[in-house]
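J.: I'd like to ask some things about the structure below.
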C-alpha cells in the first residue's frame, strides 16, 4: 500500500535526521562538551520532535481520506470531504478543491451547485477562487439567462481567478440567449488582450456565430483567422490543446474545441485550394 510506505518513509527520514543531528555534536566535540551543547541548543530537539508529531498527526487525521483517494473510491472521498465542509464547517481551499475534483470526476453537477449555495452564505470568495469548477454546471445547463447572471457577477467581482475564461463563459451564455451585441462587447476585448491560444480560438469561433450579420464582426473574424493560420499548423495547435487540458474547462468543452480547430484549418485548406 503506497500510503503506508509514504507514512513509514517520512517517519524514517525524520528519525534518521534527528539521530544524525543528535549524535553529530558528540562526534565532533566529544562527550565533555556534549551536555553543554544540548543545554544551549535544546530547542533544536524540540523542533524536530514537533515536526515528527505534526507529520504523524496529519497522516492519522487524514488517513481515511488518503486511503479513499488511493483506491479511487470517489463516493467515500466525497462523503469524508462533505462531512468536513458541511457538518464541521471546515470550508478551506484545499478541501473545497478536492471535493470539486471528486464531483467533476463523477459528473455530479448537482452537488457542485449545492456546494456553491453553501459557500455563497459562508465563504463566497471561494466561489471566485474556483470560478471555472463552479461554472461547469452553468455551461452545461439549458438556461443561458441563469448562466449569464452567474458569469456576469463573477466577471466583475474581486479576487476571481481565470477572469478571461469567466468573461468568455458570459459571452457564450449571451450568444445562447441571442443577445449578440452584448456578446460582441465581451468578445472583442478578449481578442484584444487574450494570450491563451485556445481561449483566443474559442472567442473567434463564438464571434463567427453572428459574423455574417455584423460587418465589424465579420472583418475581425477574417483578420484573426489569418493570423492564427499563419502562426500555427493543425499539428502544433493540437499540441497546445493537449497541454491546455490541465484546464478543466478545456476538457469540458473538448467537442467545441475540436469543432473550432476544424473550422479554422479546414477553412484554410479551402482557401488555399481556391
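The values are calculated or read from the model by the stated rules, or taken from the named source; none is laboratory data. Because the structure is a prediction, the values reported are computed rather than measured. Cβ coordinates were reconstructed from backbone atoms using ideal geometry, including for glycine residues, and neighbour counts include every protein chain displayed.
J.: Of the conditions (1) over 16 Å from the mean Cα position of the chain (by Cα); (2) under 18 Å from residue 195 (Cα atoms); (3) at pLDDT below 95, residue 244 satisfies every one except a single condition; which number is it?
T.: (1)
J.: State whether the residues of segment 125-141 include one that is surrounded by fewer than 19 Cβ atoms within 10 Å (Cβ to Cβ) and over 23 Å from residue 250 (Cβ atoms).
T.: Yes, that holds for at least one residue.
J.: Pick from 116, 110: which is surrounded by fewer than 14 Cβ atoms within 10 Å (Cβ to Cβ), in a helix (DSSP H, G or I), at pLDDT 90 or above and touching a helix residue (DSSP H, G or I) at 6+ places or on another chain (Cβ under 9 Å)?
T.: One residue alone meets the criteria, 110.
J.: Which one of these does residue 263 not meet: (1) over 21 Å from residue 169 (Cα atoms); (2) surrounded by fewer than 18 Cβ atoms within 10 Å (Cβ to Cβ); (3) touching a residue at least 12 places away in the same chain (Cβ under 8 Å)?
T.: (1)
J.: Separate question: Condition first: loosely packed, with under 13 Cβ neighbours inside 10 Å and assigned to a helix (DSSP H, G or I). Now tell me which residues in segment 59-73 satisfy that.
T.: 60, 61
J.: Just the residues that are surrounded by 14 or more Cβ atoms within 10 Å (Cβ to Cβ) and under 12 Å from the mean Cα position of the chain (by Cα), please, taken from segment 75-98.
T.: 96, 97, 98
J.: What residue, among those in segment 74-103 that are assigned to a loop (DSSP other than H, G, I, E, B) and touching a helix residue (DSSP H, G or I) at 6+ places or on another chain (Cβ under 8 Å), is nearest to residue 113 (Cα to Cα)? Steps first, please.
T.: Just the residues of segment 74-103 that are assigned to a loop (DSSP other than H, G, I, E, B), to begin with: 88-92.
Subset that is touching a helix residue (DSSP H, G or I) at 6+ places or on another chain (Cβ under 8 Å): 89-91.
On the way: 89: 17, 90: 18, 91: 15 Å.
Filtering segment 74-103 for residues that are assigned to a loop (DSSP other than H, G, I, E, B) and touching a helix residue (DSSP H, G or I) at 6+ places or on another chain (Cβ under 8 Å), the one nearest to residue 113 (Cα to Cα) comes out as 91.
J.: In segment 133-148, what residues are under 18 Å from residue 114 (Cβ atoms) and part of a helix (DSSP H, G or I)? Lay out the reasoning, then the answer.
T.: Kept after step one, since they are under 18 Å from residue 114 (Cβ atoms), are these residues of segment 133-148: 133-141, 143, 146-147.
Matches in segment 133-148: 133, 134, 135, 136, 137, 138, 139, 140, 146, 147.
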